[in-house]
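**Student:** The following block contains the structure, expressed as structure tokens.
The values are calculated or read from the model by the stated rules, or taken from the named source; none is laboratory data. No experiment lies behind these values; they were computed from the predicted model shown. Cβ placement follows ideal geometry from the backbone for every residue including glycine, while neighbour counts extend to all protein chains displayed. In case anyone asks, the SASA skips ligands and DNA or RNA and just uses the protein heavy atoms, side chains included. Shrake-Rupley method; radii C 1.70, N 1.55, O 1.52, S 1.80 Å.
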Amino acid sequence: MRGLGPMHQTEGRTRQGRRLRSEVTAAEAVLWTLLRERRFEGLKFRRQTPVAGAIVDFFCADLRLVIELDGGVHVLREAEDAVRDARLTRAGFTTLRFGNQAFLRNPNVVLEAIRLHAVAIRRQPPHPSGSA
């Protein structure tokens, strides 16, 4: 993938991604059903994949978009998540973060956030160098 920066793929991260894909939460399973196979807006998403040194829940390379669905444990990890999100931002990615329960109550909130991000990205003029 050209232009994505370091994906930081290692054997350990590959194993971790496989493990996480097999230990999916209910919220992740529902969102994956909505996103997989280009079902949403024709966008290609991957799940539990390495991006800029982190394993992210969902990733759309075309939009440079990371979607994170967080369970209750993330309340205890807010500082770690903030550092991780800042690293992703520095690498040129946008992170949208939602709680599992909020998503399960209303999945359309997440889908609309993705849709709005896609519209904003598609309206941006191309970078003059053609590299971004």
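**Student:** Would a scan of the range 43-58 turn up a residue that is open to solvent by less than 20 Å² (accessible area, probe 1.4 Å), modelled with pLDDT of 90 or more and of a type in the set (S, T, Y)?
**Tutor:** yes
**Student:** Let me ask you something else. Taking only the range 1-42 into account, find how many residues are among the acidic types (D, E), open to solvent by 60 Å² or more (accessible area, probe 1.4 Å), assigned to a helix (DSSP H, G or I) and modelled with pLDDT of 85 or more.
**Tutor:** Final tally of qualifying residues: 1.
**Student:** Determine whether the range 64-86 contains at least one residue that is open to solvent by less than 30 Å² (accessible area, probe 1.4 Å), among the β-branched types (V, I, T) and at pLDDT 95 or above.
**Tutor:** yes
**Student:** Here's another thing I want to ask about it. For the range 111-129, check the following and say yes or no: at least one residue is more than 15 Å from the chain's Cα centre (by Cα), modelled with pLDDT under 90 and open to solvent by less than 80 Å² (accessible area, probe 1.4 Å).
**Tutor:** Scanning the range 111-129, I find at least one residue that is more than 15 Å from the chain's Cα centre (by Cα), modelled with pLDDT under 90 and open to solvent by less than 80 Å² (accessible area, probe 1.4 Å), so the answer is yes.
**Student:** Considering (1) at pLDDT 95 or above; (2) more than 15 Å from the chain's Cα centre (by Cα); (3) surrounded by 14 or more Cβ atoms within 10 Å (Cβ to Cβ), say which one T95 fails and leave the rest.
**Tutor:** (2)
**Student:** Kindly indicate whether G53 is in contact (Cβ under 8 Å) with a residue 60 or more places away in the chain and over 19 Å from E23 (Cβ atoms).
**Tutor:** no
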